[in-house]
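These notes concern the structure reproduced below.
What follows is calculated from the coordinates using simple rules that are stated; it is not laboratory data. For clarity, every value in this text was computed on a predicted model and none was experimentally measured. Backbone-built Cβ (ideal geometry, glycine too); neighbour counts: all protein chains shown.
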Amino acid sequence: MLKLIRRLRYLLRLQNVEADLREELELHRAERQQQLEREGIPASEAALASRRALGNLTLAYEDSRAVWVASWLERLLQDFRYGCRGLVANAGFSCLVLVALSLGIGANIAIFSVIRTVILRPLPFADPSRLVMLSTDDVKRGLHEEPASLLTMEDWRAQSHHFSGMAVFRGEPAVILGGDTPDRVLAEFVSFNLFSLLGVAPTVGRSFSEQEQRSGEPVVIVSYGLWQRRFGGSPDVVGKALTLDQRTSVQQFRIVGVMPSGFSFPNRDAQFWRPIVDLDRQHEERFRFVGRSYNVVARLQPGSTVRDAQSEMIAIGRSLEALYPATDPTFPGFTASVVPLADYFTGRPTQAALWILLAAAGLVLLTACVNVANLLLARGTARSREFAIRSSLGAGRVRLLGQLLTETSVLAVAAAVCGLMLAGAALRALIALAPPGIYPSTNSSYALTDSVRVLARSSQPGIPRLDEISLDPVVLAFAVAVTIATALLFGVLPAWRISHVDPIDALKGGATVPVRTRMRRRVGSLLVVVQCALAVLLLSGSGLLIRSLSNIRSVNQGFRSDHVLLVRVSLAPSAQRTSADPVRGADVLARREFYKQAIERVGSLPGVQRVGVLTDLLVRGYVTGSIVVNERPAVPVGTLGFANVGPGLFETLEVPLVRGRFFSDDDVLTQIRLVSTDLDQIRSRNLTWPVIVNETFVRRFLADVDPISSRFRVDRDVLRVVGVVGDMRREGPERSAVAEFFSPYIGQTSEIAIRTSSDPLALAVAVRGAIRSVNPQGMVLSATSLDRRLAEFGAPRQAQTWLLTAFAALALTLAAIGIYGIVRYRVSERRREIAIRIAIGAGASDVFCEVVGRGMTAPLLGVAIGLVGASWVTQVMSHLLFEISPTDPTTFAVVGGALAAAGLLACWIPARRASHVDPIEALRCE
Amino acid sequence: MGLTNQPPDLLPGTLDLLILRTLVAGELHGYAIAERLKVLSQDVLQVGESSLYPALQRLLLNGWVRAEWGVSENNRRARFYTLTAAGKKRLSAERAEFERLVGAIQRVLQMA
């Protein structure tokens, strides 16, 4: 250790010490000369003799110096300097390698950063690995992670032993009133123990008490962001009021606490939390089966595993099902699936997609490595003479190997630096492009009546926690590991091959002397085969995704989406309305009047063609339960879509009318009358609700009857069909239409669809003005074009597709470079032979064809292997494909053809050069 | 390169030992060390003068001697080498080892 410090001290004052050494040696010589002169030898002779006595002064000096530095350290520096010089001298080659490697390394770092943040980094809760979600799996309907009812949760809690606590949460859209603009956020109803279960305490104020939950106190805890935004982060926020519009009521809530910054649960859209309202016990038995809207989060006991908990929950589920026999055949049961919280947040498909992307990035890096190894091999053979000379001058094999490895390491490190910068840029782009986390369910529609449960589920998948991504130490460590692996991967093989050059052969043979040519050629060909196979794999994957994308684009959505402006409008309820006085006819009438006038004003704006209203075009309301058609036995509905639709909507979106008629103003009035009528009265007077159904609905439930004027019952409402419209794919083109029905009603918050004759967004300001002019309380929440909203659905898929395509293009380029490299090398190696053949009469085209033919053997073999591999590998991504088989022959043919064409192009240039060899010149230069 | 430093008539490693021994009496510069070796060995040990300096560097690196610039008896700037504590320890260890070796060789020569 001390030795190393002395060595370093020496190195740091290198110049000085070397001067000392020289002076010392000179002194020695002078003393010797004096001594000799004293012995009577003439001065000139003495000087010579003294020099002789000391021997080779330079050697003495070098040897002395060598004690200090001529160890691995100096060799390293030497190799480094030499390597850099070599790389600069071959700038073209170095650039090629650098680009290939930095793209490969950058892609890996970027994807790994995403994986680390989204999957690997623990959730910001205490001991997050012990947190699990308990949800009912409805196997019959293929639904997973379904919420449970409060009563079921209580049963689970009472009977299980593997959990130390359970809490519930349920999100609902809410509007925060007051201030300049109303905030549309997600309000989370939580049980009072949620925060203690997660192990996170409010940073200001306190958490909820059990008493507050039981008595239904209007208290809230707000997020850090909301605190900063609305209250300027003032510490006396506790006790202040927050005015909320939650669907049926406007209410003031008292703030009791603020959560710490960085806390979000269950996602970033949840801006405040309030205690769940304890059900009153009389109604509970009913809600055992229907009130299933609570998500249950639980903490495992120390020592219990997910597997233990799962088997216990299955047993509990069975006993509960025996205890409470379900009357509804569609009831999913009481069996909970136990899913780690982290898996629940980042869905398994997202995780799988990310790992697939990492694998793709790994493949690209591997291709780049193979390429660089190939180029190094080719260059190495050209340099075999240099190595032969060095080796015959006494350079050991280890020394040569070390030098080559230093060179490749310089390349790898430079590539890693470029790769890191690329990854940083790519991540910024990714965050900007990708959709944010889980979307709130934006459907705040009213149910037909309060007895029909409408579930609005988030339908837009996003990548959660993406905005937390950064390049942290773990990512940097990963980058370093990737770099070292890269350097070894592409450096060792060529270095080993080159260092085995036999100097005599190499020097004897002239300019380019291949040693063990056949072996070298085989290695080169093998690398090309691997490269081409990898490129084919990636190209097939991206080809299938591109085809899926175009299939999705050509899907008939059932409506015309261009030139449509979507404006979300909320009519702030009048101040007199309280929670005790929910939907009343008068209020609905006022609302209807507002929308009627708004539609008229907007419709008269220049550039507007048609206007219609509905709850939310792209988020579906769901009705669950069973349906009774024309007094026949009840049929379980599975998923039944539902929306409130005002007059003019179908016309605006150009949805085709198949049978019957569209809604009229009278239908709306009928509906409004019914809403304000007592349930018992409706039943006794046999009143029916007018509805329009879609074609899928007719196919499923009304196939054998005349749909018009058919009656069906959903829960307790009797509905009468007045019209049939074409299917709409309202949840994005990828999801096929479900059976759905539309009611002629206008919710408090609605979407106005406006067909325009020019750019829809240009009209947004005028539309807002028109709506404000009707009623200053009308809030315009958002205005976007329908096409833009639809594009949001496709954003993750599009990002995935282009990412994989970018990788594939990269791999294709690298494969082409690889083919070019090896063919070019072979031509230069065979220059003499080709010259002889031309001299004895071979035509230019013969040579050309021969070179291309030989050059294409390896790529074609690679294509064949790649296609076989692809037909197997693409099965893995079948869930990402849309209406295309994972072994689609057209795609595979195009991919094979593309690679073959790239290969031909890569062979072309060297083959042309070969066919133009001048025999005299080529033979003379030997 | 290592072997070329040592004159063939010297056992490997003994040059270091001899240099350390010459320094026991006090500090010396390079030329003086060479002279002392020559005189003490009655001209038997002709240290290759070029191998003296690498050896001195080795000793410096190992921390067995210390070097300081001073003025020689001829009023010239010269580098004087001094034995360090570690060097003294090293000397006695090497000396013991050397005597064990020489003793063994002598025993073999006498008995065989």
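Cα centroids of region A:835-901 and region A:102-138: how far apart, whole angstrom?
Taking the Cα centre of each part, region A:835-901 and region A:102-138 sit 38 Å apart.
Pick out, from A:ALA643, A:VAL714, A:VAL611, the residue whose Cα sits farthest towards the positive end of the charge dipole of region A:603-728, with +1 on the Cβ of Lys and Arg and -1 on the Cβ of Asp and Glu.
Positive-most Cα among the choices belongs to A:VAL714.
Work out the FRET efficiency for A:ARG22 and A:LEU488 from their Cβ-Cβ distance, taking R0 = 35 Å, and round it to the nearest 0.05.
0.25
Give me a single rounded figure for B:28-38: the average over its residues of other chain Cβ atoms within 10 Å of their Cβ.
Rounded to a whole number, the mean comes out at 3.
Which GluC sites (Glu not before Pro) in region B:34-112 pass both tests, a DSSP loop state and at most 13 other beta-carbon atoms within 10 Å?
B:GLU73
Taking other Cβ within 10 Å of each residue's Cβ, how do B:VAL24, A:VAL629 sort, fewest first?
So the residues, fewest neighbours to most, are B:VAL24, A:VAL629.
Give the peptides A:600-611, A:149-160, A:109-120, A:529-540 in descending order of average Cβ contacts within 10 Å, highest first.
Packing proxy ranking, top to bottom: A:529-540, A:109-120, A:149-160, A:600-611.
Dipole of region A:695-808, Cα-centred, from +1 at each Lys and Arg C-beta and -1 at each Asp and Glu C-beta, to the nearest 20 debye?
Roughly 200 debye, rounded to the nearest 20.
Could you calculate the FRET efficiency of A:SER885 with A:ASP236 from 1/(1 + (r/R0)^6), where r is the beta carbon distance between them and R0 is 51 Å, rounded to 0.05?
That pair, A:SER885 with A:ASP236, gives E of 0.20.
Report the gain in length on full extension from A:LEU679 to A:GLU154: 0.36 nm times residue separation, minus Cα-Cα distance, nm rounded to one decimal.
Values: separation 525, 0.36 × 525 = 189.00 nm, distance 3.16 nm.
Residue separation times 0.36 nm, minus the Cα-Cα distance, leaves 185.8 nm.
Put a dot 7 Å past each Cα toward the Cβ at A:VAL398 and A:ASN686; how far apart are the dots in nm?
That separation, rounded to one decimal, is 10.3 nm.
So how much slack lies between A:ALA429 and A:GLU45, counting 0.36 nm per residue of separation and subtracting their Cα-Cα distance, in nm?
130.3 nm
Please give the contour-minus-distance gain from A:ALA762 to A:VAL277: 0.36 nm per residue of separation, less the Cα-Cα distance, rounded to one decimal in nm.
Separation in residues times 0.36 nm, less the Cα-Cα distance, equals 170.2 nm.
Partner chain Cβ atoms within 10 Å, averaged over the residues of B:51-62 - can you pull that number for me?
Going residue by residue through B:51-62 and averaging, the value is 6.
Based on the Cβ-Cβ distance of B:THR14 and A:ASP127, what FRET efficiency does E = 1/(1 + (r/R0)^6) give at R0 = 56 Å, to the nearest 0.05?
0.25
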